[in-house]
Amino acid sequence: MSTMTATRPKQKSPGRPKQNREAIYLFLPALLPVLLLSVYPLIRGILLGFTDARAGLNVTTEFIGFDNFTRLLQNDLFWASFRIGLIWTIAVTVLQFVAALGLALLLNADLRFRGVARTLALIPWAMPPVVVAIMWRLLLHPTNGPVNGVLQGLNITDHPINWLGDFNTALPAVIVVGIWVGMPMTTVTLLAGLQSIDRSLYEAAAVDGASTWHQFVHITLPQLKTVIVAITSLDMIWNFNSFGLVYVLTAGGPGGKTMLPMLFAYNEAFRYGNFGMAAAMGDVMVVIIIVFLGFYLRNRLRSEA
Amino acid sequence: MRTKPAIRSFQYVAVGLYLIFLGFPLLWLISTSLKSPREFASITPSLLPKSPQISNYTEALQEQGLIRSMANSLQISIATTILVIVVSLPVAYALARFRSRLRPITNGWILVSQVFPVILIVIPLFMILRPLHLTNTIPGVVIVYMVWSMPFALWMLQGYVAAVPRELEEAAAVDGAGRARTIVSIVMPLLRPGLIATAMFTFISAWNEFFFALVLLQDPQLKTLPLVLARFVGAEGQVQIGPLAAASVLATVPSLVFFAFLQRRLTSGLLSGAVKG
């Protein structure tokens, strides 16, 4: 697109200073709300992690350096939420990706239910997260839920399992719900990527006698690479930052077994009033995300070089 | 390419499992919303209600808090959608058409806003809105939602604008139309499907949103639908599962209706935003 503008003849495309001026007018209505309610709060939020800010009016806020961070590092609950957050993020992202890739390959072949499957695919993503959580609480209900009903009917278990209330099953159960929500969107994205691959590449490979597996490894995966990198890194960030779904499913329980970082930060801020501490937690999450993005960008640059 | 029957049947089994994994939870929710209290309390719950009844829906709708929260959600979502479109359209146009210095900055902000945990934004927002007496108000939530949904709306819209052929605008310019006139009479009509898709997407986001509402709205009179539904779950001791399921279905209907229109456009919008943005 930028090259398009650059190659336009002079008389039809106004010069740069004029374009800058016109652009500013068009930006104006958006500028104030964005600066006031997005950029400024973000910067202030980052800095807040270095203060002792608390909820409530008329409380002085003082700069306290890295105190919040050292306190966080000494807090077992912080480490626990951090660990749970990583398990949740990696498990949901990887499992949903593998399932979604398999499914996208299936749907890319001309199967009969393709249209139905594709239409259904985006429903979880359009549903309110709160409703998804309520729905799964009904499904996983220890006494009336169909999941236990089916498992007991098949004699896989002889007693009803309290999926969301048991120390051992809560995190896996929540992860399954996370996959249910995220997988369809990933599938549709991958499917769109698959459909943009030039068919003639496969035809040429088939002529050369390449097996399906070879075609997958040497054509499909490389051609999909951009889409895969984009969707999995977005999924990772979204999952790492997720809140509403698990808040309604378990509120972090039982015994903190599903306390994701965002739930921890929310409790710190709005249950205990420790704004500074919660912001510090947010800062830690940002650092983790930046490190992750750094790796991703470096890999991407290296592979493009 | 011809596929072996064995592989073919494996494919159908796999797609079938996927449809069950996806569809069964929805079916269960809807079925629960149509069951009598006695039926879902039974030890052997059945997939389909034996005698479907709508009493859960009427009961849910008699619940005053629920009706009010629906009205609140509707107001907030409509106001947010209008504001987002009005404010984003010129920006999207500028992003797609001009090589201004604001473009890399804005696209950077779009990316950054997707990455940061909302906890960092919500605490300062809370502190900014409180002295303005905008916490615990509907306008306060609307402006927060506006800023929060704008990045994605811009992402989609600039893709749609870029898809409008420049030649049409140039022809209009040759005919002596000014920039504003060109945008209104040439670009906007061509952009209408994209605008509608973006508006629907914004509406769904606002309708579904939970976190900001949870933090900003304390007054029971002002709570949005997701908040009220979540509160039902919290008080599980007294909660009536049937009406809860019915209310959940009702809360999903607007998203699904919009979404049915939106499906095709949305994926193409996401992709064109990604490719051309």
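The values are calculated or read from the model by the stated rules, or taken from the named source; none is laboratory data. Predicted model only: the values in this text are computed from it and were never measured. Cβ placement follows ideal geometry from the backbone for every residue including glycine, while neighbour counts extend to all protein chains displayed. Side chains included, ligands, DNA and RNA excluded: accessible areas come from the protein's heavy atoms. Shrake-Rupley method; radii C 1.70, N 1.55, O 1.52, S 1.80 Å.
Details
- Selection from segment A:238-266 of residues that are part of a helix (DSSP H, G or I) and surrounded by fewer than 20 Cβ atoms within 10 Å (Cβ to Cβ): A:TRP238
- Which listed residue is part of a helix (DSSP H, G or I) and open to solvent by less than 80 Å² (accessible area, probe 1.4 Å), from A:LEU86, A:LEU47, A:LEU35, A:LEU77: A:LEU86
- With respect to the conditions (1) of a type outside the set (D, E, K, R); (2) closer than 30 Å to A:TRP79 by Cβ; (3) buried (at least 18 other Cβ atoms within 10 Å of the Cβ), A:LEU224 lacks only one, and its number is (2).
- Within segment A:105-116, the set of residues being in contact (Cβ under 8 Å) with a residue 12 or more places away in the chain and either surrounded by fewer than 22 Cβ atoms within 10 Å (Cβ to Cβ) or closer than 17 Å to B:ALA260 by Cα (or both) comprises A:LEU105, A:ASN108.
- Residue list for segment B:168-226, restricted to those being touching a Ser or Thr at 6+ places or on another chain (Cβ under 6 Å) and of a type outside the set (S, T, N, Q): B:GLU169, B:ALA172, B:ALA199, B:PHE203, B:ILE204, B:ALA206, B:TRP207, B:ALA213, B:LEU216, B:LYS223, B:LEU225
- If the condition is being open to solvent by 40 Å² or more (accessible area, probe 1.4 Å), modelled with pLDDT of 50 or more and touching a helix residue (DSSP H, G or I) at 6+ places or on another chain (Cβ under 8 Å), then segment A:5-24 contributes only A:ILE24.
- Selection from segment B:147-178 of residues that are at pLDDT below 85 and either in contact with a Phe, Trp or Tyr (Cβ under 9 Å, 6 or more places away or on another chain) or outside any helix (DSSP H, G or I) (or both): B:VAL164, B:PRO165, B:ASP175, B:GLY176, B:ALA177, B:GLY178
- Unique match (being assigned to a helix (DSSP H, G or I), within 13 Å of chain B (Cβ to nearest Cβ) and modelled with pLDDT of 90 or more) among A:ALA192, A:ALA230, A:ALA205, A:ALA280: A:ALA280
- Summed over segment B:97-134, residues that are touching a residue at least 24 places away in the same chain (Cβ under 8 Å), over 26 Å from A:LEU260 (Cα atoms) and among the hydroxyl-bearing types (Ser, Thr, Tyr) total 1.
- Close Cβ contacts (under 9 Å, 6 or more residues apart or on different chains) running from residues in segment A:204-224 that are free of Cβ contacts under 8 Å to residues at least 12 places away in the same chain to residues that are part of a loop (DSSP other than H, G, I, E, B) and open to solvent by 100 Å² or more (accessible area, probe 1.4 Å) comprise A:ALA206/B:MET1.
- Residues in segment B:172-192 that are within 16 Å of A:GLU22 (Cβ to Cβ), away from chain A (no Cβ under 11 Å) and out of contact with any helix residue (DSSP H, G or I) (no Cβ under 6 Å at 6 or more places or on another chain): B:ALA177, B:ARG181, B:VAL184, B:VAL187.
- Filtered residues of segment B:156-171 (kept if within 12 Å of chain A (Cβ to nearest Cβ) and closer than 15 Å to B:VAL86 by Cα): B:LEU157, B:GLN158, B:VAL161
- Residue list for segment B:20-59, restricted to those being in a helix (DSSP H, G or I) and either over 24 Å from the mean Cα position of the chain (by Cα) or at pLDDT below 85 (or both): B:ILE20, B:SER31, B:THR32, B:PRO37, B:ARG38, B:GLU39, B:PHE40, B:ALA41, B:SER55, B:ASN56, B:THR58, B:GLU59
- When B:THR106 is tested against the conditions (1) crowded, with 20+ Cβ neighbours inside 10 Å; (2) closer than 16 Å to B:GLU209 by Cβ, the lone failure is (2).
- Total residues in segment A:88-106, condition under 14 Å from A:MET185 (Cβ atoms) and facing chain B (nearest Cβ under 7 Å): 1
- The set of residues in segment A:112-163 being over 29 Å from the mean Cα position of the chain (by Cα), assigned to a helix (DSSP H, G or I) and at the interface with chain B (Cβ under 7 Å from one of its Cβ atoms) consists of A:GLY149 alone.
- Qualifying position, being more than 11 Å from every other protein chain (Cβ to nearest Cβ), modelled with pLDDT of 80 or more and over 30 Å from B:TYR57 (Cβ atoms), among B:LEU222, B:LEU195, B:LEU217: B:LEU195
- Condition check for B:GLY108: within 18 Å of B:THR224 (Cα to Cα), assigned to a helix (DSSP H, G or I) and over 18 Å from the mean Cα position of the chain (by Cα): no
- Top-ranked residue in segment B:1-19 [being open to solvent by 30 Å² or more (accessible area, probe 1.4 Å) and among the aliphatic types (A, V, I, L, M); ranked as modelled with the lowest pLDDT]: B:MET1
- Within segment B:89-98, considering residues that are within 7 Å of chain A (Cβ to nearest Cβ) and part of a helix (DSSP H, G or I), the one most open to solvent (accessible area, probe 1.4 Å): B:PRO90
- Output for segment A:50-74, where each listed residue is in a helix (DSSP H, G or I), touching a residue at least 40 places away in the same chain (Cβ under 8 Å) and open to solvent by 20 Å² or more (accessible area, probe 1.4 Å): A:PHE69, A:ARG71
- Answer residue from segment A:188-209, given it is more than 12 Å from A:ASP235 (Cβ to Cβ), open to solvent by less than 40 Å² (accessible area, probe 1.4 Å) and β-branched (Val, Ile, Thr) and is farthest from the chain's Cα centre (by Cα) among those: A:ILE197
- Which numbered condition B:TRP148 misses (of (1) more than 11 Å from chain A (Cβ to nearest Cβ); (2) under 26 Å from B:ILE82 (Cα atoms)): (1)
- Residue count for segment B:112-145, restricted to those that are facing another protein chain (nearest Cβ under 10 Å), open to solvent by 10 Å² or more (accessible area, probe 1.4 Å) and in a helix (DSSP H, G or I): 10.
- Where a residue in segment A:234-245 is more than 7 Å from chain B (Cβ to nearest Cβ) and its partner, wherever it lies, is hydroxyl-bearing (Ser, Thr, Tyr) and crowded, with 23+ Cβ neighbours inside 10 Å, with Cβ under 6 Å and at least six apart: A:ASP235/A:THR93; A:MET236/A:THR89; A:MET236/A:THR93; A:ASN239/A:THR89; A:ASN239/A:THR93; A:PHE240/A:THR89
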